[in-house]
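*Asks:* Structure in C-alpha coordinates, see below.
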Amino acid sequence: MEQRKSIPSMVKDPKLIEKRREQIIEAAVELFISKGFHKTTTREISRASGFSIGTLYEYIESKEDVLYLVCDAIHAGVEKGLQEVLVNGVSGAVMLEAAIEGFLRVMDQMQDRVLLIYQEIKSLPRETMRYVLAKEEEITGFFEEILHRGRRDGSLQIDENSVKLMAHNIVVLGEMWTFRRWSLRKNYTLDEFTKMQTSLILRELTDK
(Lines give C-alpha, C1' and ligand atoms only; values in the text may rest on other atoms or scores of the structure.)
Protein backbone atom coordinates (compact mmCIF):
# COMPACT_ATOMS: atom_id res chain seq x y z
CA MET A 1 0.00 0.00 0.00
CA GLU A 2 1.31 3.45 -0.96
CA GLN A 3 1.99 5.76 1.99
CA ARG A 4 -0.32 8.69 2.60
CA LYS A 5 1.36 11.93 1.66
CA SER A 6 2.38 14.13 4.55
CA ILE A 7 1.67 17.79 3.81
CA PRO A 8 3.71 20.13 6.01
CA SER A 9 1.96 22.93 7.88
CA MET A 10 3.31 25.98 9.66
CA VAL A 11 0.49 25.57 12.20
CA LYS A 12 1.07 23.22 15.14
CA ASP A 13 -2.54 22.70 16.29
CA PRO A 14 -3.80 19.45 14.63
CA LYS A 15 -7.47 20.34 15.16
CA LEU A 16 -7.01 23.75 13.56
CA ILE A 17 -5.14 22.17 10.65
CA GLU A 18 -8.00 19.72 10.11
CA LYS A 19 -10.63 22.47 10.30
CA ARG A 20 -8.81 24.80 7.91
CA ARG A 21 -8.06 22.02 5.44
CA GLU A 22 -11.72 21.02 5.41
CA GLN A 23 -12.54 24.62 4.48
CA ILE A 24 -9.90 24.52 1.75
CA ILE A 25 -11.22 21.22 0.39
CA GLU A 26 -14.84 22.42 0.22
CA ALA A 27 -13.85 25.65 -1.51
CA ALA A 28 -11.47 23.95 -3.92
CA VAL A 29 -13.94 21.24 -4.95
CA GLU A 30 -16.45 23.80 -6.18
CA LEU A 31 -13.79 25.76 -8.02
CA PHE A 32 -12.15 22.70 -9.60
CA ILE A 33 -15.54 21.41 -10.77
CA SER A 34 -16.63 24.74 -12.26
CA LYS A 35 -13.30 26.00 -13.64
CA GLY A 36 -10.96 23.03 -13.73
CA PHE A 37 -7.78 22.52 -11.74
CA HIS A 38 -5.41 24.42 -14.03
CA LYS A 39 -7.63 27.50 -14.40
CA THR A 40 -8.21 27.80 -10.67
CA THR A 41 -5.69 29.93 -8.78
CA THR A 42 -4.58 29.54 -5.18
CA ARG A 43 -5.78 33.09 -4.58
CA GLU A 44 -9.28 32.08 -5.66
CA ILE A 45 -9.10 29.06 -3.34
CA SER A 46 -8.03 31.22 -0.41
CA ARG A 47 -10.79 33.75 -1.08
CA ALA A 48 -13.44 31.03 -1.33
CA SER A 49 -12.05 29.44 1.85
CA GLY A 50 -12.54 32.67 3.75
CA PHE A 51 -8.96 33.63 4.51
CA SER A 52 -5.92 35.31 2.95
CA ILE A 53 -3.45 33.76 0.52
CA GLY A 54 -0.83 33.96 3.25
CA THR A 55 -3.02 31.97 5.61
CA LEU A 56 -3.67 29.40 2.87
CA TYR A 57 0.05 28.73 2.54
CA GLU A 58 0.27 28.05 6.27
CA TYR A 59 -1.69 24.84 5.60
CA ILE A 60 -0.51 23.73 2.16
CA GLU A 61 2.60 24.23 0.01
CA SER A 62 1.11 24.11 -3.49
CA LYS A 63 -2.09 23.86 -5.50
CA GLU A 64 -1.22 20.20 -6.11
CA ASP A 65 -1.43 19.70 -2.34
CA VAL A 66 -4.99 21.01 -2.46
CA LEU A 67 -5.90 18.58 -5.25
CA TYR A 68 -4.38 15.73 -3.26
CA LEU A 69 -6.42 16.70 -0.17
CA VAL A 70 -9.55 16.83 -2.31
CA CYS A 71 -8.91 13.35 -3.77
CA ASP A 72 -8.14 11.92 -0.33
CA ALA A 73 -11.32 13.41 1.15
CA ILE A 74 -13.43 12.01 -1.70
CA HIS A 75 -12.04 8.51 -1.21
CA ALA A 76 -12.63 8.80 2.54
CA GLY A 77 -16.26 9.65 1.84
CA VAL A 78 -16.69 6.67 -0.47
CA GLU A 79 -15.00 4.31 2.01
CA LYS A 80 -17.16 5.59 4.88
CA GLY A 81 -20.30 4.89 2.88
CA LEU A 82 -19.13 1.37 2.10
CA GLN A 83 -18.07 0.55 5.64
CA GLU A 84 -21.57 1.36 6.84
CA VAL A 85 -22.96 -1.70 5.01
CA LEU A 86 -20.56 -4.20 6.57
CA VAL A 87 -22.69 -6.26 8.92
CA ASN A 88 -21.65 -9.35 10.83
CA GLY A 89 -23.88 -12.41 10.77
CA VAL A 90 -25.21 -12.08 7.21
CA SER A 91 -24.26 -14.06 4.13
CA GLY A 92 -21.91 -12.79 1.48
CA ALA A 93 -24.81 -12.54 -0.96
CA VAL A 94 -26.86 -10.36 1.41
CA MET A 95 -23.86 -8.18 2.13
CA LEU A 96 -23.04 -7.85 -1.57
CA GLU A 97 -26.55 -6.63 -2.33
CA ALA A 98 -26.32 -4.03 0.43
CA ALA A 99 -22.80 -3.00 -0.65
CA ILE A 100 -23.83 -2.46 -4.28
CA GLU A 101 -26.79 -0.35 -3.18
CA GLY A 102 -24.63 1.64 -0.78
CA PHE A 103 -21.88 2.15 -3.34
CA LEU A 104 -24.25 3.39 -6.02
CA ARG A 105 -25.89 5.75 -3.52
CA VAL A 106 -22.48 7.20 -2.60
CA MET A 107 -21.55 7.50 -6.29
CA ASP A 108 -24.76 9.44 -6.86
CA GLN A 109 -24.14 11.74 -3.90
CA MET A 110 -20.50 12.38 -4.84
CA GLN A 111 -20.73 12.13 -8.62
CA ASP A 112 -19.22 15.53 -9.40
CA ARG A 113 -16.34 14.85 -7.02
CA VAL A 114 -15.69 11.36 -8.39
CA LEU A 115 -15.64 12.79 -11.90
CA LEU A 116 -13.20 15.43 -10.69
CA ILE A 117 -10.70 12.77 -9.57
CA TYR A 118 -10.63 11.13 -12.98
CA GLN A 119 -10.43 14.44 -14.82
CA GLU A 120 -7.63 15.95 -12.77
CA ILE A 121 -5.58 13.09 -11.30
CA LYS A 122 -3.01 13.48 -14.08
CA SER A 123 -2.12 16.87 -12.56
CA LEU A 124 -0.71 15.22 -9.43
CA PRO A 125 2.98 14.33 -9.04
CA ARG A 126 3.66 10.69 -9.93
CA GLU A 127 4.19 9.48 -6.35
CA THR A 128 1.02 11.18 -5.14
CA MET A 129 -0.91 9.82 -8.11
CA ARG A 130 0.14 6.31 -7.14
CA TYR A 131 -1.34 6.83 -3.68
CA VAL A 132 -4.65 8.06 -5.09
CA LEU A 133 -4.85 5.10 -7.48
CA ALA A 134 -4.03 2.75 -4.60
CA LYS A 135 -7.08 4.15 -2.78
CA GLU A 136 -9.13 3.18 -5.83
CA GLU A 137 -7.73 -0.34 -5.49
CA GLU A 138 -8.82 -0.39 -1.85
CA ILE A 139 -12.41 0.26 -2.89
CA THR A 140 -12.21 -2.63 -5.36
CA GLY A 141 -10.67 -4.74 -2.59
CA PHE A 142 -13.74 -4.07 -0.44
CA PHE A 143 -15.88 -5.91 -2.98
CA GLU A 144 -13.29 -8.65 -3.34
CA GLU A 145 -13.57 -9.27 0.40
CA ILE A 146 -17.36 -9.64 0.17
CA LEU A 147 -17.12 -11.96 -2.82
CA HIS A 148 -14.64 -14.16 -0.96
CA ARG A 149 -17.01 -14.21 2.01
CA GLY A 150 -19.80 -15.40 -0.28
CA ARG A 151 -17.55 -18.12 -1.69
CA ARG A 152 -16.73 -19.36 1.79
CA ASP A 153 -20.32 -19.47 3.05
CA GLY A 154 -21.68 -20.86 -0.22
CA SER A 155 -24.09 -18.01 -0.91
CA LEU A 156 -22.15 -16.89 -4.01
CA GLN A 157 -21.02 -19.19 -6.79
CA ILE A 158 -17.84 -17.69 -8.20
CA ASP A 159 -14.44 -19.22 -8.80
CA GLU A 160 -11.32 -17.76 -7.23
CA ASN A 161 -9.90 -16.49 -10.52
CA SER A 162 -13.03 -14.45 -11.24
CA VAL A 163 -13.27 -12.63 -7.91
CA LYS A 164 -10.97 -9.72 -8.76
CA LEU A 165 -12.56 -9.18 -12.18
CA MET A 166 -16.08 -9.23 -10.73
CA ALA A 167 -15.03 -6.73 -8.07
CA HIS A 168 -13.72 -4.41 -10.80
CA ASN A 169 -16.96 -4.88 -12.75
CA ILE A 170 -19.00 -3.78 -9.73
CA VAL A 171 -16.87 -0.66 -9.20
CA VAL A 172 -17.18 0.22 -12.89
CA LEU A 173 -20.98 -0.06 -12.58
CA GLY A 174 -20.87 2.57 -9.86
CA GLU A 175 -18.63 4.81 -11.92
CA MET A 176 -20.94 4.29 -14.91
CA TRP A 177 -23.66 6.16 -13.04
CA THR A 178 -21.24 9.10 -12.85
CA PHE A 179 -19.65 8.96 -16.29
CA ARG A 180 -22.80 8.08 -18.26
CA ARG A 181 -25.29 10.06 -16.20
CA TRP A 182 -26.08 12.33 -19.15
CA SER A 183 -27.65 9.31 -20.89
CA LEU A 184 -28.70 6.94 -18.10
CA ARG A 185 -30.85 9.49 -16.30
CA LYS A 186 -33.03 9.83 -19.38
CA ASN A 187 -34.20 6.26 -18.87
CA TYR A 188 -33.60 5.24 -15.24
CA THR A 189 -33.87 6.58 -11.74
CA LEU A 190 -31.06 5.69 -9.35
CA ASP A 191 -33.32 3.12 -7.67
CA GLU A 192 -34.20 1.50 -10.99
CA PHE A 193 -30.58 1.41 -12.10
CA THR A 194 -29.50 -0.07 -8.75
CA LYS A 195 -32.22 -2.72 -8.74
CA MET A 196 -31.53 -3.84 -12.31
CA GLN A 197 -27.75 -3.95 -11.96
CA THR A 198 -27.91 -5.75 -8.62
CA SER A 199 -30.31 -8.31 -10.08
CA LEU A 200 -27.99 -8.98 -13.02
CA ILE A 201 -24.96 -9.46 -10.76
CA LEU A 202 -26.71 -11.71 -8.24
CA ARG A 203 -28.27 -13.79 -11.01
CA GLU A 204 -24.80 -14.41 -12.38
CA LEU A 205 -23.44 -15.33 -8.96
CA THR A 206 -26.32 -17.37 -7.51
CA ASP A 207 -28.07 -19.18 -10.37
CA LYS A 208 -25.31 -21.58 -11.39
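The values are calculated or read from the model by the stated rules, or taken from the named source; none is laboratory data. Keep in mind the model is a prediction, meaning the values are calculated, not measured. Virtual Cβ from ideal backbone geometry, glycine too; neighbours counted across all protein chains shown. For accessibility, only protein heavy atoms count, side chains too; no ligands or nucleic acids. Shrake-Rupley method; radii C 1.70, N 1.55, O 1.52, S 1.80 Å.
Every residue, every condition in (1) farther than 28 Å from residue 176 by Cβ; (2) touching a residue at least 40 places away in the same chain (Cβ under 8 Å), yes or no:
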| position | (1), (2) |
| --- | --- |
| 43 | yes, no |
| 55 | yes, no |
| 59 | yes, yes |
| 68 | no, yes |
| 75 | no, yes |
| 104 | no, yes |
| 112 | no, yes |
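*Asks:* Taking the options 195, 186, name whichever one is of a type in the set (D, E, K, R), outside any helix (DSSP H, G or I) and open to solvent by 60 Å² or more (accessible area, probe 1.4 Å).
*Replies:* The unique qualifying residue is 186.
*Asks:* Could I ask something else about it? Of the residues 92, 174, only one is small (Gly, Ala, Ser), surrounded by 17 or more Cβ atoms within 10 Å (Cβ to Cβ) and in contact with a Lys or Arg (Cβ under 7 Å, 6 or more places away or on another chain); which?
*Replies:* Selected residue: 92, the only one of 92, 174 that is small (Gly, Ala, Ser), surrounded by 17 or more Cβ atoms within 10 Å (Cβ to Cβ) and in contact with a Lys or Arg (Cβ under 7 Å, 6 or more places away or on another chain).
*Asks:* Under 8 Å between Cβ atoms, at least 6 apart or on separate chains: pull out the pairs that start in region 165-193 with a residue that is hydroxyl-bearing (Ser, Thr, Tyr) and end on any residue that is open to solvent by less than 70 Å² (accessible area, probe 1.4 Å).
*Replies:* Hits for this filter: 178/107; 178/111; 178/114; 178/115.
*Asks:* Does residue 137 fit the bill of being assigned to a helix (DSSP H, G or I), out of contact with any helix residue (DSSP H, G or I) (no Cβ under 9 Å at 6 or more places or on another chain) and surrounded by 13 or more Cβ atoms within 10 Å (Cβ to Cβ)?
*Replies:* Considered against the rule, which asks whether it is assigned to a helix (DSSP H, G or I), out of contact with any helix residue (DSSP H, G or I) (no Cβ under 9 Å at 6 or more places or on another chain) and surrounded by 13 or more Cβ atoms within 10 Å (Cβ to Cβ), residue 137 comes out as yes.
*Asks:* Going by the conditions given, is residue 119 in the same structural domain as residue 86 (by the TED database) and assigned to a helix (DSSP H, G or I)?
*Replies:* In short, yes.
*Asks:* Among the residues of region 55-78, are any open to solvent by 50 Å² or more (accessible area, probe 1.4 Å) and over 23 Å from residue 125 (Cβ atoms)?
*Replies:* For region 55-78, residues open to solvent by 50 Å² or more (accessible area, probe 1.4 Å) and over 23 Å from residue 125 (Cβ atoms): absent.
*Asks:* Being of a type in the set (D, E, K, R) and under 23 Å from residue 90 (Cβ atoms) is the filter here; which residues of region 153-208 pass it?
*Replies:* 153, 159, 160, 164, 191, 195, 203, 204, 207, 208
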